Amino acid sequence: MSLLEVDKVSLHFGGVLALSEVCFQVEKGEIFALIGPNGAGKTSMLNCISGLYAPSSGSIRFRGEELLGLPPHKRAAKGIARAFQNIELFKHMTVLENLMLGRHVRMRSGLLAGGLYWGKAAREEAEHREAVEEIIDFLEIQAIRHKPVGTLSYGLQKRVEVGRALALSPELLLLDEPMAGMNSEEKEDMARFIIDIHEERDVTIILIEHDMGVVMELSHHIAVLDFGRCIGFGTPDEIQSNPRVIEAYLGQAESEEVGSSA
Amino acid sequence: MRSPFVSECGEFCTSYRADMALYKIPRIRYRVYGVLFLFLMLPWFVSEYATSLATLCAIASIGAIGLNILTGFTGQISIGVGAFLGVGGYTSAVLTTTWGLSFWIALPLAGLVTALVGALFGIPSLRLKGLYLAMATLAAQVIILYTINHWDGLTGGTGGMILARPTLGGFSFDSEMSYYYLTLTILVGAFIFTSNLFRTRTGRAFIAVRDRDLAAEVMGINLFRYKVLAFAISSFFVGLAGALMGHYTMVISPEHFDIGVSIEYLAMILIGGLGSVVGSIFGAVFITLLPVVLRELIDIVTVYLPQATEHFGALRQMIFGAIVIVFLIYEPEGLAKMWRNFKDSCKLWPFSY
C-alpha cells in the first residue's frame, strides 16, 4: 500500500476543469515531485490533499484512509504538513511562536490550563519547546529565533515556513515551490535541507518545483500535470524521455505550427 | 552589589521554563511588583473621588482586556461589547436581587452566562469576516438590548434594577477603598490569566487565526472551535466587568449598555494597542479619565468663556473622535507601542543607536 494514493481526482471551479482524473501514488519514504507548466493545477492538487479544495470526484487515501470529507485541521492531525507557495506565516508572531504553533496538533493543554499556566501546561510548553529548538538548530535559524517573522528576508521566511511545517512532526510534507524566488546559494541550502529532512527525519515529501535540475536530482518519482491532466508518471529518467512531457514543455515540433506562427 | 540603575546586557536563561517566563529579567520582575505595590497603596494617599475613578478604570480595564482578546488578538471585530456588559450586569442583578444568591457565586455565573451568550453570537464568525462580522455583532447588540428593554418581568424594563454592594462574612464592600481592592484583585487575575493564555497553545492559536486563518487551519487549528472559544473567553471577562460595574453603581438600566459604550470600548483597545494586554489597561484608563480631564479643563475655560459648559457634551464627543483619529494615523499600535518605544529609548540612553 502506498502512503498516499490519489485516484481519479477531478476538480471544477464553475465551468473550469482545474484537475481531471488525476492519478498517482506516493510511496512511503520518497521524495515525490509534482511538475508542470504554470496553471497546470499543481497547487490545486496540493490544496485537495491538504483539504482547502474539495474535489468533485475521485478519492485521496492516506495510509489507506480516505481523506476527502475531512476538514483541513483533521488532516493536519493525521500528519500532513504543508509549506505554502506564497508565504503564509503568522507575521506578527516570532519565529519561535510560529514553530510552536506548528506543534499545535501534538499538544493537548486547553484554554483554562494555559491561562492558569499550572504544572501540566507549563511542562508541556517546555517539552515542545525542546522539539522546536531541535528544528531551529536543524534549519540554522538560531539567531532569528525571537524576531517577528514579518521583519525577515524572503529567503529566511521560506525557511521558517518549512520549519513550521516540520514542527508538526509530519509523516507527509507538502512543499509548494520552496525555492521560488531564491538565489542559487539559497536554493542550494534549501535543497540540502530537503535532503536532510528526508534522510534524517524520515519524512515523505511531495515537492512542487520549477527548477528542473533540482527536481531531477532530488526526486525518486515525478508526476507531470498539464492543463489539469496527469500526462506522465515515473522516475526522473522515464519522465525526461517521455514524449508527451517534452511536448508539454517545449511544444510540438511540427511543420504546421511553424507555418501558422509565421 | 549591582547598581539597580544599570541595565542587563542580555538574557541568560539556563532552562526553557525560565526563557518562557512572563518577565524574564529579575530586575523587570521587581519593577512589576513595585508598580503593583504602588497601586495597592494608592487609595491611602488620594481622595475618595480619585479612588472611585481608579475603580472605574479597573473595571473598564477588565472589559477592555476581554474585548482585546477577541478583537486585538483573534482579529474578530465586535461592536456588541455594550450589550455583553449588560448581560453580565443583569445576570448578576437577577441572581443577587431576585434570587438572593451571594455575590461571590453570582459574579462567576455572570461571566459564564455572558460567555455562553457571546459564544452563541460568535457562531456566525465562521462565515463572516471583517465588516460583515461587525454587522452581525451589531445585531447582537440590538437584539440583547431589545430583550433587556422589553423583558420587564426579569429585568425591570427601562426602569432598570437595583443592586447591592457585595459582603463577605460580616464585611461589606461599601467604601470606595474596599471596592477598589476588589476590582484590582480581579483585574490582576484577568491580566495574569490573559498574559499566560497568549504564551501557550490556545492563545497562539488565537493569534494564528488573526494573522492567517487559512494557514492556521492547515496547521491543524479548528477555526470554528477557536473563534467561538475566543468569543466565549472574551465575553467572560466583559461579563465580569459588567457585573462589577453594576454592583459598583448599584443601579443598572438599559442606557448604560447602549452602542455608545461598545464604541467607547473599541476606542479603548484602539488607543491602548490592539493585541496588547497592558495596552488594554492603558486605553481603558485613558478613555475613562478623558472626560474627567476635559471637565476640569472646561471649568478653567468657563472663567473666561461662560458659555463653554453648555457645549461640554458636544465638545467631549468631538475631542474623543479627534483623539481616536490622531491615534489611528500617528500610532496605530497605540499607547502600548509608545510605552515600548519609551522603554527602548531608555535602554539606549544617552546614545541614539
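The values are calculated or read from the model by the stated rules, or taken from the named source; none is laboratory data. All values reported here derive from a predicted model rather than from experimental measurement. Neighbour counts are summed over all protein chains in view; Cβ atoms, including those assigned to glycine, are modelled from backbone coordinates with ideal geometry. Note: areas computed on protein heavy atoms with side chains; ligands, DNA, RNA excluded. Shrake-Rupley method; radii C 1.70, N 1.55, O 1.52, S 1.80 Å.
If you go through the range B:206-222 and pick out every residue that is more than 7 Å from chain A (Cβ to nearest Cβ), surrounded by fewer than 20 Cβ atoms within 10 Å (Cβ to Cβ) and not acidic (D, E), you end up with 0.
Residue count for the range A:105-117, restricted to those that are under 19 Å from B:R17 (Cα atoms), facing chain B (nearest Cβ under 7 Å) and either in contact (Cβ under 8 Å) with a residue 12 or more places away in the chain or within 18 Å of the chain's Cα centre (by Cα) (or both): 2.
Looking at this structure, is B:T98 out of contact with any Asp or Glu (no Cβ under 6 Å at 6 or more places or on another chain), surrounded by fewer than 16 Cβ atoms within 10 Å (Cβ to Cβ) and closer than 19 Å to B:I252 by Cβ? Criteria met by B:T98. Residues considered: B:L126, B:L168. Of these, the only one that is open to solvent by 60 Å² or more (accessible area, probe 1.4 Å) and within 14 Å of chain A (Cβ to nearest Cβ) is B:L126. Scan the range B:104-116 for residues that are open to solvent by 10 Å² or more (accessible area, probe 1.4 Å) and either in contact with a Gly (Cβ under 8 Å, 6 or more places away or on another chain) or more than 29 Å from B:Y226 (Cβ to Cβ) (or both) and the total you get is 5. Taken over the range A:85-102, the criterion of being without any contact (Cβ under 8 Å) to a residue 60 or more places away in the chain and either at the interface with chain B (Cβ under 7 Å from one of its Cβ atoms) or farther than 12 Å from A:R164 by Cα (or both) is satisfied by A:N86, A:F90, A:K91, A:H92, A:M93, A:E97.
Sub-7 Å Cβ pairs linking a first residue in the range A:7-29 that is assigned to a loop (DSSP other than H, G, I, E, B) to a second residue that is surrounded by 18 or more Cβ atoms within 10 Å (Cβ to Cβ), at least 6 apart or interchain, are A:E27/A:L3; A:K28/A:L3; A:K28/A:T204; A:G29/A:T204, ordered by first then second residue. Screening B:A139 on (1) under 30 Å from B:V32 (Cβ atoms); (2) surrounded by fewer than 19 Cβ atoms within 10 Å (Cβ to Cβ) shows it passes everything except condition (1). Among the residues of the range A:220-245, those identified as open to solvent by less than 10 Å² (accessible area, probe 1.4 Å) and small (G, A, S) are A:A223, A:G228, A:G232, A:G234.
If the condition is being under 18 Å from A:I194 (Cβ atoms) and modelled with pLDDT under 90, then the range A:215-261 contributes no residue at all.
Where in the range B:1-108 are the helices (runs of 4 or more DSSP H), entirely inside, with at least 1 residues that are within 30 Å of B:C346 (Cα to Cα)? Quick ask: steps written out before the conclusion?
Numbers: elements: B:16-19, B:26-45, B:48-67, B:81-93.
Hits in the range B:1-108: B:16-19, B:26-45, B:48-67.
Taking the criterion of being touching a residue at least 40 places away in the same chain (Cβ under 8 Å) and farther than 11 Å from B:A284 by Cα, the residues of the range B:45-66 that qualify are B:E48, B:T51, B:S52, B:L53, B:T55, B:G66.
I need the full set of residues from the range B:293-337 which are assigned to a loop (DSSP other than H, G, I, E, B) and within 24 Å of B:I281 (Cβ to Cβ), in order please.
Step one: of the range B:293-337, the residues assigned to a loop (DSSP other than H, G, I, E, B) are B:303-305, B:331-333.
Across the range B:293-337, the qualifying residues are B:E331, B:P332, B:E333.
Just to verify a result, which residue in the range A:47-82, among those that are hydroxyl-bearing (S, T, Y) and open to solvent by 50 Å² or more (accessible area, probe 1.4 Å), is farthest from the other protein chains (Cβ to nearest Cβ)? Here the answer is A:S57. Of all residues in the range B:315-326, those that are open to solvent by less than 60 Å² (accessible area, probe 1.4 Å) and of a type outside the set (F, W, Y) total 5. Of all residue pairs spaced 6 or more apart or on separate chains, those with beta-carbon atoms under 8 Å, a first member in the range B:278-306 that is of a type in the set (F, W, Y) and a second member that is at pLDDT 85 or above and open to solvent by 60 Å² or more (accessible area, probe 1.4 Å) are B:F282/B:W339. Among the residues of the range A:140-161, those that are away from chain B (no Cβ under 13 Å), touching a residue at least 40 places away in the same chain (Cβ under 8 Å) and open to solvent by less than 50 Å² (accessible area, probe 1.4 Å) comprise A:I141, A:I144, A:L152, A:K158. So in the range B:142-163, with the set limited to residues that are touching a strand residue (DSSP E or B) at 6+ places or on another chain (Cβ under 9 Å) and hydrophobic (A, V, I, L, M, F, W, C), which one is surrounded by the most Cβ atoms within 10 Å (Cβ to Cβ)? Looking at the filtered set, the residue picked out is B:L163.
Close Cβ contacts (under 6 Å, 6 or more residues apart or on different chains) running from residues in the range B:251-263 that are touching a residue at least 60 places away in the same chain (Cβ under 8 Å) to residues that are assigned to a loop (DSSP other than H, G, I, E, B) and buried (at least 18 other Cβ atoms within 10 Å of the Cβ) comprise B:V251/B:G160; B:I252/B:G160; B:S253/B:G160; B:S262/B:I79. Scanning the range B:223-239 for any residue that is away from chain A (no Cβ under 14 Å), touching a residue at least 60 places away in the same chain (Cβ under 8 Å) and not in a helix (DSSP H, G or I) turns up nothing.
Each residue in the range A:62-92 was checked for being over 20 Å from A:H12 (Cβ atoms) and in contact with a Leu (Cβ under 7 Å, 6 or more places away or on another chain), and 11 of them qualify. When B:M245, B:M219 are screened for being over 22 Å from A:A83 (Cβ atoms) and in contact with a His (Cβ under 8 Å, 6 or more places away or on another chain), only B:M245 passes. Total residues in the range B:187-205 satisfying the condition of being in a helix (DSSP H, G or I), open to solvent by 10 Å² or more (accessible area, probe 1.4 Å), within 14 Å of chain A (Cβ to nearest Cβ) and among the hydrophobic types (A, V, I, L, M, F, W, C): the figure is 4.
Of all residues in the range B:141-154, those that are in contact (Cβ under 8 Å) with a residue 12 or more places away in the chain have Cβ atoms under 7 Å from Cβ atoms of residues that are not in a helix (DSSP H, G or I), 6 or more apart or on another chain, in B:Q141/B:I79; B:Q141/B:G80; B:L145/B:D258. Answer yes if at least one residue in the range B:247-255 is on the phi > 0 side of the Ramachandran plot, among the small types (G, A, S) and in contact with a Ser or Thr (Cβ under 9 Å, 6 or more places away or on another chain), and no otherwise. Checked the range B:247-255: no residue is on the phi > 0 side of the Ramachandran plot, among the small types (G, A, S) and in contact with a Ser or Thr (Cβ under 9 Å, 6 or more places away or on another chain).
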